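Engineer: Handing you a structure now.
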Amino acid sequence: MPLDPQAQAVIEQVNALGLPAVWEVAPEQARINAASRPRPAGAEVAAVENRNIPGPDGDVPVRIYTPEGSGPFPILVWFHGGGWVIGDLDSADPSARNLCQGAGCVVVSVDYRLAPETKFPGPAEDCYAATVWAAANAGSIGGDAARIAVGGDSAGGNLAAAVSLMAADRNGPDIVHQLLVYPVTDRNYQTVSYVDNAEGYMLARDAMRWYWDAYLADSADATNPYAAPMQADSVAGQPSALVITAEYDPLRDEGEAYGRRLQEAGVEATVTRYDGMIHGFFGMVGVMDKSGQAVDQASAALRAAFAGAAVPAAADD
């Protein structure tokens, strides 16, 4: 379908800022520029707390969101987008709040180390460590260790898929669901969506080349499933998944391909393309109608997965 008028308005608003393309500046400046973009406020939640937790190479900052009500609550470990190079707890704040409220779960938002200062696998290992920590310390954050999901958008979706693979390989936490919002799943710039949406729709193909170059220390790492989940030998036994994609997004096809791969392996996976939408739309609740629809869908999928993982009360004899 044609580009949604609300998406077109956002593109025009961002273009009016006159910011250079990310690949034209140093990573530090790219982060400053990204932070200067307006972002909508997220939902109100009961409590928000910043903490530092142990990581593989020093502490990892996290921001913990607690919903209204009485726990223990299920837990979503959330990884922000930004091509592994930009993004932080503040950029993730709207989506973390919306999912906390919508899914009725504690959200642990992870400020993993960024590339190129920290190359693969550093950011993925930070995210895995945060997931292990959330499971081990669920009680201290009002959470339930038996109901843990992971999720993220864009590079964060990549990291969520990677953490799910890592947890299976390492006998790590039992993850009940993976929420993959327009995830990066492979380093392949020749898909139809990369060609058709190479520029003009918020995320450009040249930006993704720059992000991948920043993230990988060696080009051979593009065949590592923890960097490119589509490269996994098998995805059988992976957690249930919701894969959300946008029509006008270079990453559309690889996200949908990963969703199909999960389905073909017998994993309960739903793949939903939001027509007329652009990369980044998920975090624009209140600005784009379909953003609210996508967050509602994600929240419902999380609630269903958490309900399925709940241990039924013992029957009376």
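Engineer: I need a count of the residues in the range 125-164 that are among the hydrophobic types (A, V, I, L, M, F, W, C) and either surrounded by fewer than 24 Cβ atoms within 10 Å (Cβ to Cβ) or under 9 Å from Ile75 (Cβ atoms) (or both). Give the derivation first.
Structural biologist: First, pick out the residues of the range 125-164 that are among the hydrophobic types (A, V, I, L, M, F, W, C): 127, 129-130, 132-136, 138, 141, 145-146, 148-150, 155, 159-163.
Retained after the next criterion (residues that are either surrounded by fewer than 24 Cβ atoms within 10 Å (Cβ to Cβ) or under 9 Å from Ile75 (Cβ atoms) (or both)): 129, 132-136, 138, 141, 145-146, 148-149.
The total comes to 12.
Engineer: I'd like the residue in the range 82-128 that is part of a loop (DSSP other than H, G, I, E, B) and within 14 Å of Val150 (Cβ to Cβ) and, out of all such residues, is farthest from the chain's Cα centre (by Cα). Break it down into steps so the answer makes sense when it comes.
Structural biologist: Initial filter on the range 82-128 (part of a loop (DSSP other than H, G, I, E, B)): 82-88, 104-105, 111-121.
If we keep only those that are within 14 Å of Val150 (Cβ to Cβ) as well, we get 105, 112.
Numbers: Cys105: 16, Tyr112: 12 Å.
Across the range 82-128, the extreme among qualifying residues is Cys105.
Engineer: Out of the residues in the range 276-297 meeting the condition of being in contact with a Pro (Cβ under 9 Å, 6 or more places away or on another chain) and touching a residue at least 40 places away in the same chain (Cβ under 8 Å), tell me which one is surrounded by the fewest Cβ atoms within 10 Å (Cβ to Cβ). Steps first, answer last, please.
Structural biologist: Of the range 276-297, the ones in contact with a Pro (Cβ under 9 Å, 6 or more places away or on another chain) are 276, 279, 283-287, 291.
Among the residues that remain, those that are also touching a residue at least 40 places away in the same chain (Cβ under 8 Å) are: 276, 279, 283-287.
On the way: Gly276: 18, His279: 25, Gly283: 25, Met284: 24, Val285: 24, Gly286: 13, Val287: 17.
Going through the qualifying residues, I end up with Gly286.
Engineer: May I ask you to list the residues in the range 251-275 that are buried (at least 24 other Cβ atoms within 10 Å of the Cβ) and among the acidic types (Asp, Glu)?
Structural biologist: Hit for the range 251-275 is Glu254, nothing else.
Engineer: Let me ask something else about it. Just checking, how many residues over the range 72-114 are more than 30 Å from Ala214 (Cα to Cα) and out of contact with any strand residue (DSSP E or B) (no Cβ under 7 Å at 6 or more places or on another chain)?
Structural biologist: Going through the range 72-114 one residue at a time, the tally reaches 2.
Engineer: I need the full set of residues from the range 220-240 which are among the polar types (S, T, N, Q) and either at positive phi or in contact with an Asp or Glu (Cβ under 9 Å, 6 or more places away or on another chain) (or both), in order please. If you could, list the steps in order and put the result at the bottom.
Structural biologist: Just the residues of the range 220-240 that are among the polar types (S, T, N, Q), to begin with: 223-224, 231, 234, 238, 240.
Passing the criteria: Gln231, Ser240.
Engineer: Still on this structure: Could you check the range 129-165 and list, in sequence order, the residues that are of a type outside the set (A, V, I, L, M, F, W, C) and either in a loop (DSSP other than H, G, I, E, B) or closer than 18 Å to Ser299 by Cα (or both)? Outline the logic, then answer.
Structural biologist: Narrowing the range 129-165 to residues of a type outside the set (A, V, I, L, M, F, W, C): 131, 137, 139-140, 142-144, 147, 151-154, 156-158, 164.
Matches in the range 129-165: Asn137, Gly142, Gly143, Asp144, Arg147, Gly151, Gly152, Asp153, Ser154, Gly156, Gly157.
Engineer: Now for a different question. Being surrounded by fewer than 16 Cβ atoms within 10 Å (Cβ to Cβ), at pLDDT below 95 and either over 15 Å from the mean Cα position of the chain (by Cα) or not in a helix (DSSP H, G or I) (or both), is that true of even one residue in the range 298-310?
Structural biologist: yes
The values are calculated or read from the model by the stated rules, or taken from the named source; none is laboratory data. Note that the structure is a prediction, hence the values are computed from the model and not measured. Here the Cβ is made from the backbone with ideal geometry for all residues, glycine too, and neighbour counts use every protein chain on show.
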